[in-house]
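The structure appears below as structure tokens.
The values are calculated or read from the model by the stated rules, or taken from the named source; none is laboratory data. The structure displayed is predicted, hence computed values, not measured ones. FYI the Cβ positions are ideal-geometry reconstructions off the backbone, even for glycines, and counts take in every protein chain you see. Please note that ligands, DNA and RNA were not included when accessible areas were found on the heavy atoms of the full protein model with its side chains. Shrake-Rupley method; radii C 1.70, N 1.55, O 1.52, S 1.80 Å.
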Amino acid sequence: FYEPCSPGDPQAFAATLDEFDKNKMASKVIPPKIMRADFERTLLRARPTVSQSDLEMYVNFTKEFGEEGALETVCPE
């Protein structure tokens, strides 16, 4: 089996997952373990995907039309 390791490891070699797949060895690759520190590092680098003006536009739309658009819930009398 193969797992990601340090480039300094004496048995290490550079390869892509595509190369493993082409050689019909993809099933022998063990994915890396995801740790809490991985998420914490990602959160430090994450940037907003929408601007403040986009959020304001959404808030204004929701105030005007509601979350479900212009449809209102009605009950028969």
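Relative to the dominant Cα principal axis of the chain, helix 36-45 is inclined by about 60°. Annotation: amide H of Tyr2 within the under-5 Å range of Val29, Ile30, sequence separation 5 or more or interchain, hydrogens built in the peptide plane. Atom-type composition of the exposed protein surface of the chain places 58 percent of the accessible area on carbon and sulfur (1.4 angstrom probe).
At an R0 of 30 angstrom, the distance between the Cβ atoms of Glu67 and Met35 translates into a FRET efficiency of 0.25. A straight chain from Gln52 to Phe1 at 0.36 nm per residue would run longer than the Cα-Cα distance by 13.6 nm. With the helix formula -39500 (n - 2.57) applied to DSSP H stretches of n ≥ 4, the chain reaches a computed 222 nm mean residue ellipticity of -11500 deg cm²/dmol. One entry in [x] 3, 11, 8, 8, 8, 7, 7, 7, 6, 5, 5, 5, 4, 4, 4, 3, 2, 2, 1, 0, 0; [y] 3, 15, 23, 26, 21, 10, 3, 0; [z] 3, 10, 10, 10, 10, 9, 8, 7, 7, 9, 8, 5, 2, 1, 0, 0 is P(r) over Cα pairs in 5 Å bins from 0, in percent calculated from the shown coordinates; its label is [z]. Each residue of the stretch 46-57 is assigned a 3J(HN,Hα), and the resulting list reads 5, 10, x, 9, 10, 7, 4, 5, 4, 5, 5, 4 Hz, derived from the Karplus form 6.51 cos²θ - 1.76 cosθ + 1.60 (θ = phi - 60°), x at Gly and Pro. Each Cα pair under 8 Å and six or more residues apart adds its sequence gap; the mean of these over the residue count of the chain is a relative contact order of 26 percent.
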